[in-house]
Number of protein chains: 2
Amino acid sequence: MDQGTELRIELAHGNGGRLMRELIESVFARHLGNDLLDVTSDSARVPIPAGQDVFVTTDGFIVNPLEFPGGDIGSLAVHGTVNDLSVAGATPLYLTLNAFIEEGLEIARLDRLVSSLARAAKGCGVRVVAGDTKVVVRGEGGGLYLATTGIGVREPGRSLGLDQVREGDVLLVSGPVGDHGTAVMLAREEFGLRGDVRSDSASVFPLAQALLPFAGLRFMRDPTRGGLASVANELVRASGMGVRLAEARVPVREPVRSVCEMLGYDPYYLACEGRLVAVVEAGQAEAALAALRGAPGGEHAQSIGEITARPACVVLETELGGERILEELEDDPLPRIC
Amino acid sequence: MDQGTELRIELAHGNGGRLMRELIESVFARHLGNDLLDVTSDSARVPIPAGQDVFVTTDGFIVNPLEFPGGDIGSLAVHGTVNDLSVAGATPLYLTLNAFIEEGLEIARLDRLVSSLARAAKGCGVRVVAGDTKVVVRGEGGGLYLATTGIGVREPGRSLGLDQVREGDVLLVSGPVGDHGTAVMLAREEFGLRGDVRSDSASVFPLAQALLPFAGLRFMRDPTRGGLASVANELVRASGMGVRLAEARVPVREPVRSVCEMLGYDPYYLACEGRLVAVVEAGQAEAALAALRGAPGGEHAQSIGEITARPACVVLETELGGERILEELEDDPLPRIC
């Protein structure tokens with residue numbers, strides 16, 4: 001297509017008038033349409049199953065580039081929010097969507113991203129029930145920022161959380177860490193690198209559901225910004241106990257390891273977008289690991305460490321038998337990763 | 001304060017590590033804290049009263065400047081979403097909050113805006129139950145963009161909507177139009193104007209509740225982007241009928257009128273953020289208007305026009321006895337107004 005004649009977002013697409021209505025109809029409603037979404041209304045009535053606990057979560061997305069191997073900002077905006085509900089043990093039902101679109105974004109590209117978002121939502125069984133678009137002046141955005149809010153439900157009576165964690169509990173991870181962060185990094189031209197790493201962006205709902213039947217399940221979290229090391233540090237802060245991880249057992253793909261070594265990154269701090277970290281009572285850890293491995297996306301799950309009484313920090317036992325402290329993240333090695 | 005030493009947002013405030021946690025604790029949680037908000041959790045469980053219909057809405061905010069007479073992006077982000085629920089006849093209960101913060105924003109300013117948001121939420125009786133912050137690279141944001149999603153409830157069995165509107169119905173407006181758009185415009189230095197206009201940013205919940213008892217209430221809407229003229233055009237498109245407005249009866253404040261005349265804007269297209277437009281069955285219009293005038297913020301309510309069989313467009317009867325068509329908005333006279 002001739003670059004010069006490509007249709008692009010103009011400020012008038014955000015004015016509340018004809019162009020905005022047409023954009024919403026031709027891009028957003030066309031891909032996201034469902035029986036609950038009414039683009040002529042300012043709000044949506046959503047059925048909530050009786051007797052269920054209702055969970056709400058929200059997430060913003062500023063990933064650069066907007067498209068990368070294994071996903072794009074559209075699928076990411078679904079998975080990120082679906083995953084926050086999933087790790088609470090909830091079943092995601094509804095999403096709302098905010099799009100901050102920069103003047104000049106190609107409409108064909110926006111269409112592709114919204115189409116991807118719609119596919120991901122369908123795959124996760126969630127419906128987008130309300131949305132809003134804003135257009136920001138050229139130079140005051142990063143192409144496209146998204147925010148999604150998710151609503152889900154859970155059977156009442158279940159306790160999951162950082163406060164449930166006990167000494168001796170075991171940490172499980174559902175698959176290799178650092179894929180998403182590495183894939184996005186490699187997709188940035190500034191690094192001048194090419195590699196065969198795809199984002200792990202996916203729903204962790206099936207993984208979370210596989211663990212939910214275990215009474216010894218204490219806590220689940222998806223390690224996004226800040227990666228596995230940040231989830232481990234959260235555990236330390238909340239419990240006052242320690243986390244001991246075995247480097248030999250934490251799965252990291254070979255190309256991720258190479259890229260990290262080359263650029264000086266630590267894969268334990270890089271974002272995942274389709275992994276789940278769970279803390280399980282030791283007696284059920286083996287069975288829980290088997291359940292995780294039997295769920296889609298959990299084939300490479302591993303038991304990676306445990307909760308210790310002390311020291312109150314995250315200790316990584318290196319493969320050479322040494323120890324390394326994984327401190328709370330200080331600077332930001334990679335902005336706009338999710 | 002010395003500009004050079006003012007604390008500002010850094011990229012590391014978005015990294016998922018220590019600085020992000022401290023920012024969330026010291027700014028967001030400090031102002032917004034409530035019994036449902038748990039900043040160490042990725043989602044919140046929210047009680048929903050049994051037997052009520054649940055409504056969801058979402059809105060993004062990109063206003064420039066971030067602070068203006070009568071409000072700021074924080075209060076706006078509450079009122080905008082509360083109002084979308086209110087005009088559905090719902091009682092707003094919960095908000096989620098997304099903040100896209102540009103690197104370099106003064107932390108004192110962010111604190112002031114979040115504090116304002118918290119005050120507005122308290123004033124509207126809503127709790128912020130979940131939030132997320134992202135930091136974008138300097139030059140890729142407009143200081144601060146916000147998105148809020150609202151959840152509210154309504155007694156079942158009520159029908160309100162564009163499809164309820166009938167020929168002969170009467171249009172009411174709760175107060176003068178165009179104040180918000182004008183106030184924001186005047187607050188921009190580029191216009192080189194000063195004027196005594198304050199944004200009307202406020203909750204319309206009390207106004208909506210005052211009208212809800214009327215069985216003849218057909219439809220409510222808050223005229224934001226695109227203003228009163230755009231709500232009227234929506235009515236035309238949805239109903240296939242016409243809207244006839246009487247210029248002499250549409251309240252416009254004198255300074256708003258002057259500024260619009262000077263700059264060539266039409267106040268009917270300028271955003272309000274605390275007004276309500278209602279369509280009411282003619283027989284109940286007088287009583288509904290009285291109810292509106294008796295509600296806080298509705299003192300200057302007016303009956304401004306009616307639904308006509310034809311022509312299928314918005315006709316403004318001018319004060320001189322002529323007619324002017326208020327077309328659907330085409331260009332965007334004022335980007336980043338809300």
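None of the figures in this text is laboratory data; all of them are computed from the coordinates on show. Keep in mind the model is a prediction, meaning the values are calculated, not measured. Here the Cβ is made from the backbone with ideal geometry for all residues, glycine too, and neighbour counts use every protein chain on show.
Of these, B:L37, B:L23, B:L19, which one is hydrophobic (A, V, I, L, M, F, W, C) and more than 28 Å from the chain's Cα centre (by Cα)?
The conditions single out B:L19.
Please determine whether any residue of segment A:20-42 is at the interface with chain B (Cβ under 7 Å from one of its Cβ atoms) and surrounded by 23 or more Cβ atoms within 10 Å (Cβ to Cβ).
yes
So which of A:G274, A:G297, A:G321, A:G264 ends up being on the phi > 0 side of the Ramachandran plot and within 23 Å of the chain's Cα centre (by Cα)?
Answer to the check: A:G297.
Which residues, counting only those in segment B:308-327, are in contact with a helix residue (DSSP H, G or I) (Cβ under 7 Å, 6 or more places away or on another chain) and either assigned to a strand (DSSP E or B) or buried (at least 20 other Cβ atoms within 10 Å of the Cβ) (or both)?
B:V314, B:L316, B:E317, B:L326
What residue, of A:P206, A:P176, is surrounded by fewer than 24 Cβ atoms within 10 Å (Cβ to Cβ) and within 13 Å of A:P255 (Cα to Cα)?
A:P176
Can you pull out every residue in segment A:43-64 that is facing chain B (nearest Cβ under 7 Å) and of a type in the set (S, T, N, Q)?
Listed by number, the residues that qualify are A:S43, A:T57, A:T58.
Does B:F68 meet the test of being of a type outside the set (A, V, I, L, M) and away from chain A (no Cβ under 11 Å)?
yes
Residues of segment A:98-143 being closer than 29 Å to A:P206 by Cα, outside any helix (DSSP H, G or I) and more than 7 Å from chain B (Cβ to nearest Cβ), which ones?
Within segment A:98-143, A:A99, A:G125, A:V126, A:R127, A:V128 qualify.
From the list B:V63, B:V54, exactly one residue is more than 30 Å from A:V136 (Cα to Cα) and either in a strand (DSSP E or B) or within 20 Å of the chain's Cα centre (by Cα) (or both). Which is it?
B:V54
Can you tell me how many residues in segment A:213-263 are assigned to a strand (DSSP E or B), hydrophobic (A, V, I, L, M, F, W, C) and more than 21 Å from B:S43 (Cβ to Cβ)?
The number of residues fulfilling the criteria is 3.
On the basis of being more than 10 Å from chain A (Cβ to nearest Cβ), over 28 Å from B:G142 (Cα atoms) and hydrophobic (A, V, I, L, M, F, W, C), does B:L93 make the cut?
So B:L93 passes the test.
Mind listing whichever residues of segment B:71-84 are more than 10 Å from every other protein chain (Cβ to nearest Cβ) and either part of a strand (DSSP E or B) or of a type in the set (D, E) (or both)?
Result: B:G71, B:D72.
Based on what the data block shows, is A:G175 more than 9 Å from chain B (Cβ to nearest Cβ), part of a loop (DSSP other than H, G, I, E, B) and more than 26 Å from A:L228 (Cα to Cα)?
no
Check whether at least one residue in segment A:147-155 is in contact (Cβ under 8 Å) with a residue 40 or more places away in the chain, more than 9 Å from chain B (Cβ to nearest Cβ) and more than 20 Å from the chain's Cα centre (by Cα), and report yes or no.
Yes, the conditions are met somewhere in segment A:147-155.
Can you tell me which residue is farthest from B:L270 (Cα to Cα) among those in segment B:294-338 that are free of Cβ contacts under 8 Å to residues at least 60 places away in the same chain and of a type in the set (D, E)?
Filtering segment B:294-338 for residues that are free of Cβ contacts under 8 Å to residues at least 60 places away in the same chain and of a type in the set (D, E), the one farthest from B:L270 (Cα to Cα) comes out as B:E323.
Confirm whether A:I9 is out of contact with any helix residue (DSSP H, G or I) (no Cβ under 6 Å at 6 or more places or on another chain), of a type in the set (V, I, T), within 10 Å of chain B (Cβ to nearest Cβ) and under 30 Å from A:G181 (Cα atoms).
The answer is no for A:I9.
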